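Asker: Attaching a single structure in structure tokens format; questions to follow.
Read the figures in this text as sums done on the coordinates, not as results from a lab. Everything numeric here is computed off the predicted structure, so don't read it as measured data. Note that each Cβ is placed from the backbone with ideal geometry, even for glycine, and that neighbours are counted across all protein chains shown.
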Amino acid sequence: MKLLAKYNRVNILATSIVFMIGGVCYYFILHLVLIKQLDKDLRVEEQEIIDYVMVHNSLPDSADYNDQQVAFEQVAEAAKRKFGSFDILKKKDDEYITIRRLMFPVNISGVNYKVSVSKSQQETEDLIQLIVSITLAMVILLLMVLFIINRFVLNKLWLPFNNTLKQLRQFNLQSKKNLELNDSGINEFKELNKAVKVMSSQVLKDYESLKSFTENASHEIQTPLAVINSKLELLMQSENFTEQQMNGVETIYDEIRRLSRLNQSLLLLTKIDNHQFRETEEVDLARIIVKQLNNYEELIAAKQITLTQNISETPPVLMNETLAGVLITNLITNAIKHNIDHGSIEVVLKENRLSVSNSGSELSCRPEELFERFKKDTHQTESLGLGLSIVKKICEQYNFKVSYSFINGIHTLSILFP
């Protein structure tokens with residue numbers, strides 16, 4: 001849920017609850033005020049009757065008007081003074097109306113009378129209903145105005161934030177472009193844009209530093225490795241070495257080659273992570289597969305592996321051709337390296353699916369660990385543990401789905417192209 005929608009929902013709900021509670025309280029307070037005003041009018045009538053009795057020592061005439069009635073009743077004991085509201089049947093209109101009545105005692109020459117002064121409460125109720133209706137209409141109008149303001153005005157206020165968010169989504173390290181953020185008159189958005197610009201600039205700087213360091217480090221490491229490798233080759237051609245010394249030199253030579261391959265693999269992973277292979281084209285996978293299988297023909301024959309090819313003409317895949325070659329090479333070398341003597345390899349390319357199967361012993365590690373860096377089967381001590389991680393990284397870059405299965409002694413790596 002968007003922040004604006006969440007704010008609107010909470011704001012409208014809170015406002016509605018406040019207005020509902022306030023409306024109920026407002027109704028009772030207004031009702032009480034108007035009843036007090038009506039009681040005040042009744043007390044005025046009471047005082048007039050008392051004044052009349054004091055002057056004339058007699059009761060005034062009874063009265064029965066539409067909105068006021070005055071009645072007298074002789075009683076044995078003095079009545080208590082009290083206010084009350086009652087519903088009575090109005091015979092003329094045949095409906096019940098609410099009246100407000102004040103009863104109080106009057107004594108004339110020792111005779112007690114109960115005086116009832118009544119006023120219609122209907123006008124008060126009608127006035128309350130009218131005021132409540134107007135208030136309710138104003139509340140509904142206010143809620144509608146709030147909704148419109150929140151929907152349109154706040155949308156406009158949040159435009160700088162949405163623009164900043166859009167720029168962040170489009171931010172690309174490879175473009176080497178700083179974020180272009182619109183100016184805003186709101187302080188909070190100004191501070192946000194300032195912080196985002198500083199962060200993006202620092203990220204670009206760190207990225208360039210890391211990229212430069214990786215390339216320079218790989219190059220600097222590769223140079224002494226090449227020198228050491230060449231010197232070892234010269235030493236191995238010497239005739240003055242004992243067998244033990246020669247074995248030691250060969251071990252060093254193998255480890256130097258291993259270190260060189262490790263350096264190249266890590267550099268390749270870093271370049272893929274940094275999206276340095278941005279050029280894409282339509283790649284014919286069938287052609288690359290056939291070419292790589294021919295390159296490894298001697299190695300396959302040396303292990304007496306039976307090769308089966310089921311390669312069909314398929315639509316070209318949009319990707320970087322260099323990475324396509326790396327992908328196919330790693331799948332084939334993995335099938336050869338982890339195979340057994342007199343084993344088998346099957347390469348199948350159909351429609352949008354490539355699978356490379358090879359015979360071999362069951363894994364000693366979990367299948368999901370195969371695609372992790374430096375994770376490898378313990379039976380393969382010479383493996384760097386980076387081949388399949390490179391395969392997975394390439395697949396992730398182009399949204400290919402890679403999977404592994406082991407059935408009846410056959411390992412199968414499958415890639416599903418979108």
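Asker: For each pair in K271/K291; K177/K197; K36/K119, compute the distance between the two Cα atoms and list the pairs where it is over 18 Å.
Answerer: Details: K271/K291 24 Å; K177/K197 11 Å; K36/K119 13 Å.
Check vs 18 Å cut-off fails for K271/K291.
Asker: Mind checking which aspartates and glutamates have their Cα closer than 14 Å to the Cα of K190? Skip sequence neighbours fewer than 8 apart in that chain.
Answerer: E180
Asker: Here's something else I'd like to know. For labels at E372 and F213 in the simple 7 Å Cα→Cβ model, what's the distance in nm?
Answerer: About 2.5 nm separates the two model spin labels.
Asker: What FRET efficiency comes out for Q222 versus N399 if R0 is 35 angstrom and r is the Cβ-Cβ distance? Round to the nearest 0.05. Don't skip to the answer; put the middle values down first.
Answerer: On the way: r = 32 Å, r/R0 = 0.91.
Efficiency at R0 = 35 Å is approximately 0.65.
Asker: Using Cα pairs closer than 8 Å and at least 6 residues apart in sequence, work out the relative contact order for region 3-154, in percent. Walk me through the intermediate numbers first.
Answerer: Values: 175 pairs, mean separation 37.7, N = 152.
Once normalised by length, the contact order is 25 percent.
Asker: Here is a follow-up. Which residue, I328, I407, A301, has the largest displacement toward the positive end of the dipole of region 281-416 when charges sit on each Cβ (Lys, Arg +1; Asp, Glu -1)?
Answerer: Of I328, I407, A301, it is I407.
Asker: Ranking H342, H411 by Cβ neighbours within 10 Å, fewest first, what do you get?
Answerer: Listing H342, H411 from fewest to most nearby Cβ atoms yields H342, H411.
Asker: For region 307-353, which GluC sites (Glu not before Pro) pass both filters: DSSP loop (anything but H, G, I, E, B) and at most 13 other C-beta atoms within 10 Å?
Answerer: Working: sites: E313, E321, E346, E351; in loops: E313, E351.
Within region 307-353, the qualifying GluC sites (Glu not before Pro) (loop, at most 13 other Cβ atoms within 10 Å) are E313, E351.
Asker: Once each part is reduced to its C-alpha centroid, what is the distance from region 95-142 to region 327-352 in angstrom?
Answerer: About 99 Å separates the Cα centre of region 95-142 from the one of region 327-352.
Asker: Where in the chain are the helices, taken as whole DSSP H runs, whose Cα atoms extend 18 angstrom or more along the long axis and whose Kyte-Doolittle mean reaches at least 1.0?
Answerer: Those that pass (Cα extent of 18 Å or more, hydropathy at least 1.0) are 122-148.
Asker: Per-residue ellipticity at 222 nm for the chain, helices alone: DSSP H runs ≥ 4 residues times -39500 (n - 2.57), over residue total, nearest 500 deg cm²/dmol? Present the calculation step by step, with values, prior to reporting the outcome.
Answerer: On the way: 10 runs with 223 residues, N = 418.
Computed ellipticity for the chain at 222 nm equals -18500 deg cm²/dmol.
Asker: Determine the relative contact order of the chain: mean sequence separation of Cα pairs under 8 Å and six or more apart, normalised by residue count, in whole percent.
Answerer: Here the relative contact order equals 9 percent.
Asker: Then there is this: Would you mind putting 99-107, 206-214 in packing order, based on average other-beta-carbon counts within 10 Å, highest first?
Answerer: Details: 99-107: 17.6, 206-214: 12.8.
Highest to lowest by the protection proxy: 99-107, 206-214.
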